[in-house]
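Notes for the one structure printed next.
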Amino acid sequence: MTEHNFFNNVYELVKLIPFGRVTSYGAIAKYLGSKSSSRMVGWALNASHVPDFDIPAHRVVNRNGQLSGKAHFGGNRMQELLEKEGIEVENDKVKHFKELFWDPEVLTP
DNA sequence: GTGGTGACGACAC
DNA sequence: GGTGTCGCCACCA
């Protein structure tokens, strides 16, 4: 059963992101134990293109709150989804990002 | 087996 | 304060 550790942890974590909340690659990477591995987080989310992965990757943005992966969603799909959740997006960036930011360490006991 | 790349982050200058 | 460079680990050619 998916013992891929790093990748699998990313999937599980992203799925745990609450509605109307966002997180950053660095936060996930840091939670996994390697803050510098933020690139791997993006690569892991790359699997979100697979139907089996019900991952709200649109809730994951970079440290600046910018929708860095928007282009991979195929247009403004990412922004549409975020706005649909009540998240205000402007200039491809999440407004009040720090307020909407969800830290995985907060949820974990 | 090696090299290059990648949805980022932090540090140096 | 902005730009440039390195680092991180996994996948593809």
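Filtering region A:36-61 to residues that are crowded, with 18+ Cβ neighbours inside 10 Å and either within 16 Å of residue A:97 (Cα to Cα) or among the acidic types (Asp, Glu) (or both) leaves A:57, A:58, A:59, A:60, A:61.
Taking region A:1-35 as the search range and keeping residues that are of a type in the set (Gly, Ala, Ser) and surrounded by 12 or more Cβ atoms within 10 Å (Cβ to Cβ), which one is nearest to residue A:79 (Cα to Cα)?
Initially, region A:1-35 is screened for residues of a type in the set (Gly, Ala, Ser), giving A:20, A:24, A:26-27, A:29, A:33-34.
If we keep only those that are surrounded by 12 or more Cβ atoms within 10 Å (Cβ to Cβ) too, we end up with A:20, A:24, A:26-27, A:29, A:34.
Details: A:20: 12, A:24: 15, A:26: 20, A:27: 20, A:29: 23, A:34: 28 Å.
Looking at residues that are of a type in the set (Gly, Ala, Ser) and surrounded by 12 or more Cβ atoms within 10 Å (Cβ to Cβ), I get A:20.
Can you name every residue in region A:33-52 that is near DNA strand C (Cβ under 9 Å from one of its atoms) and closer than 10 Å to residue A:6 by Cα? Correct list: A:33, A:34, A:37, A:40, A:44. Considering chain A, the qualifying helices (runs of 4 or more DSSP H), each wholly inside and each with 3 or more residues that are away from DNA strand B (no atom under 12 Å from the Cβ) and either at pLDDT below 90 or charged (D, E, K, R) (or both), run over A:6-15, A:77-84, A:104-107.
The values are calculated or read from the model by the stated rules, or taken from the named source; none is laboratory data. Predicted, not measured: the structure shown is a model, and the values here were computed from it. In this analysis, Cβ positions are derived from the backbone assuming ideal geometry, glycine residues included, and neighbour counts consider all displayed protein chains.
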